[in-house]
There are 2 protein chains.
Amino acid sequence: MAVNLAPPNPANLLPVRGVELGVAQAGIRKQGRTDLMLMRFAPGSRVAGVFTQNSFAAAPVQICRQHLAATESIRGLIVNAGNANCGTGEAGLAAANRTCALVAARMQCAPGNVLPFSTGVILENLPVERIAAALPACFASLSEGAWGAAAEAIMTTDTVAKAVSRSSTIGGQQIVVTGIAKGVGMLQPNMATMLAFIATDAVIAAAPLQTLVKEVADESFNRVTVDGDTSTNDSFVLIATGQSRASEIASVKEVAYLQLRATIMEVAIALAQSIARDGEGATKFITVEVGGAATADEAARVAKAIAHSPLVKTAFFASDPNLGRLIMAIGNAGVVGLDTSRINIHIGSIKVLDRGGRAVTYTEEQGALAMKPAEITIRVDLGRGNANTRVWTCDFSYDYVKINAEYRT
Amino acid sequence: MAVNLAPPNPANLLPVRGVELGVAQAGIRKQGRTDLMLMRFAPGSRVAGVFTQNSFAAAPVQICRQHLAATESIRGLIVNAGNANCGTGEAGLAAANRTCALVAARMQCAPGNVLPFSTGVILENLPVERIAAALPACFASLSEGAWGAAAEAIMTTDTVAKAVSRSSTIGGQQIVVTGIAKGVGMLQPNMATMLAFIATDAVIAAAPLQTLVKEVADESFNRVTVDGDTSTNDSFVLIATGQSRASEIASVKEVAYLQLRATIMEVAIALAQSIARDGEGATKFITVEVGGAATADEAARVAKAIAHSPLVKTAFFASDPNLGRLIMAIGNAGVVGLDTSRINIHIGSIKVLDRGGRAVTYTEEQGALAMKPAEITIRVDLGRGNANTRVWTCDFSYDYVKINAEYRT
């Protein structure tokens, strides 16, 4: 079902010095598939994260925030798929803490040096004993070459594993960036919208790393939406092991910071786009570009209104040039004082709306043609200013309903 | 498809003295069905309306606002189904004005005394000549008994016509209230969310009538949501012909005002609920009640977050007690400082969430049973204050996608 998205070729996934990955079958999601993933980081690794803005943040998200606030030394992380450990109250926090303790005991560190992550069904207690039982196998499989297996182990309704690598040179020294993500539903651009882990062997101080994780999230994962629902478990974590020979980046003002950011951004954007390409039931990959906005916030509101509208998304699924729905969505974005007579809309290269009215050159045949491809760009010019944004989404098909109606069965 | 919603029995639709209705086939929507509806009001009738908050308000909405601002004498209204006359620029305004002029010529009034309404596809020019050609038949069919036929003529993807009547006594005199509405998709509670026309023969001054239309909209049509999209054409119009023998209501402080409001509210709530019952693809009618909120706005945000979530709606379609999705939706409502450990949730009489965690008494079997009925109430107590609200919605089925993917075919 995924739109122009092939599974990663393991040969293309570059190991990151200082990061080992292990997987195991804990039997939390389904029997017979891996659903537990462990990352172990070399001493001295620095880790930063951004998390869901949902008020019902899951227990592991709460624990991650605590641990990241309390220490600069994160030695590993553990992820289970199939259970979100959310809406589970005190028992959920205890389960997440116990998971950290189990991992820490084997790593010979404190539980506070481990980050826990969960993804899956909400409101079910996490079966920690199944994690405990699977941990020996998980540790036994640790290797620097297991990025592909790790990407598979964190999948829920993803149909394709998501992993991307890039390398570049900073100050004459090669650095590597490799990341994995899982996405699918309950996704909208309001903080990282899924689980994503990106590691690099670059050397970077804690302060610029913290800025970096936010900057990258804003321009990648926060630009993806599938259904407008923000998960309780969204997490994006950036790990810098410092194991390359590059010099340490001490400040966001250094050229090296911008170089590293560009490479990490490339990985993050590729992962983010792959999440939209593999949105639940997706048959089309849609880029919504909004320009001419007075503010970035305004541009984002308009892009999100389009990308979230079930009516727009079903029209794209049907390749039905019912493009009036775009107008309806823009009009619902809550932009104060919007002068609709200044708005232009293109689908691909076809002008649909010209200064607020149907373009005289526009024909239904053109519209139908423009909506057929598997990759479509919608461009909206609000004619109000110079701010712009870009959001990636997918269409809304029968299969979205099917997948979500039958998620747990 | 509609949930527990029978077509109106014409024998139960009470004529309103001073309101005549006519219908005709203009061939705008489909051949062989009525799609044009005319109401003519007796001299002295007072009319008030509330309209969509979408920035791309359709041409007829713009004209309605102008006419209502310019005169207290509205003599009639004309509605076409099948074309929204929206995103049509100057040509659209000209088409709406010409429609008014055509009606006014036959009513021997000014175009400014006529209100135009359109519902249907956006971004297509309104074929005014088809309206002109059908108007003679529309006028020829005018009668006080045609409320049922009028309700049918304004339908788009509605599967059941929506019409409701009530009568009551004000100061010893009987008054009658009859209303019709159409709804289906592109619906959310942000101003009247569809077309609705309610008429009464009660006698009421212009100022309290204006208050009345807003109060009624807030507690009826603004509480309905199907898909969270607000149409460009939403309109709710209240007509008071003053033809009953009741005394004039001069102020909102009179007991008679409250009596009239109660009767009109009853009609409006029945119509609003019928819109949710007949939401596109609906198989379940869902009432979301939120209490214990700090403010009414906060209660509304939470209720809407639940009612708009595609993930919640597909779970209800499947009768799958995947109730963690309710938590996710509540957490996304943007309530600042929400203490999730004070939140309780019931589905029907089953307690699902107890102070932020899964209720110990809750079982999946109970959840599955509670989600089976065609009518379901979700109750959320935020434990923060005394404000509350109520929203009506429906589930999200394969047929929503089907109807909207194939809307124009």
Going through (1) part of a helix (DSSP H, G or I); (2) out of contact with any helix residue (DSSP H, G or I) (no Cβ under 6 Å at 6 or more places or on another chain) one by one, B:Met265 fails only at (2)
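Here is a yes/no grid of residues against (1) under 30 Å from A:Glu144 (Cα atoms); (2) at pLDDT 95 or above; (3) surrounded by 22 or more Cβ atoms within 10 Å (Cβ to Cβ):
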{"residue": "A:Ile239", "(1), (2), (3)": "yes, no, yes"}
{"residue": "A:Glu280", "(1), (2), (3)": "no, no, yes"}
{"residue": "A:Ala293", "(1), (2), (3)": "no, yes, yes"}
{"residue": "A:Asp297", "(1), (2), (3)": "no, no, no"}
Within region A:14-32, of all residues that are surrounded by 21 or more Cβ atoms within 10 Å (Cβ to Cβ) and among the aliphatic types (A, V, I, L, M), the one farthest from A:Leu93 (Cα to Cα) is A:Val16
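Got a sec? Which strands (runs of 3 or more DSSP E) wholly within region A:33-95 have at least 3 residues that are surrounded by fewer than 24 Cβ atoms within 10 Å (Cβ to Cβ)? I'd like the intermediate steps shown before the answer.
Numbers: elements: A:36-41, A:46-51, A:76-83.
Ranges flagged: A:46-51.
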Matching residues in region A:333-359 (over 18 Å from A:Asp381 (Cβ atoms) and facing chain B (nearest Cβ under 8 Å)) number 0
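Rundown of residues vs (1) among the hydroxyl-bearing types (Ser, Thr, Tyr); (2) within 14 Å of chain A (Cβ to nearest Cβ), yes/no style:
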| residue | (1), (2) |
| --- | --- |
| B:Ser251 | yes, no |
| B:Arg261 | no, no |
| B:Ala282 | no, yes |
| B:Thr295 | yes, no |
| B:Ala305 | no, yes |
| B:Thr314 | yes, yes |
| B:Asp320 | no, yes |
Log entry, pairs with first residue in region B:106-125 being acidic (Asp, Glu), second being assigned to a strand (DSSP E or B), beta carbons closer than 7 Å, six or more apart or on different chains, reads B:Glu124/B:Asn83
task: Test B:Val121 against the stated conditions and say whether it is away from chain A (no Cβ under 14 Å) and within 25 Å of B:Ile180 (Cα to Cα).
output: no
Just one listed residue, out of B:Gly89, B:Gly44, is within 14 Å of chain A (Cβ to nearest Cβ) and more than 24 Å from the chain's Cα centre (by Cα), and it is B:Gly89
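The values are calculated or read from the model by the stated rules, or taken from the named source; none is laboratory data. As the structure is a prediction and not an experimental result, all values here were calculated from the model. Using ideal geometry, Cβ is built from the backbone for each residue, glycine included, and neighbour counts are taken over all protein chains shown.
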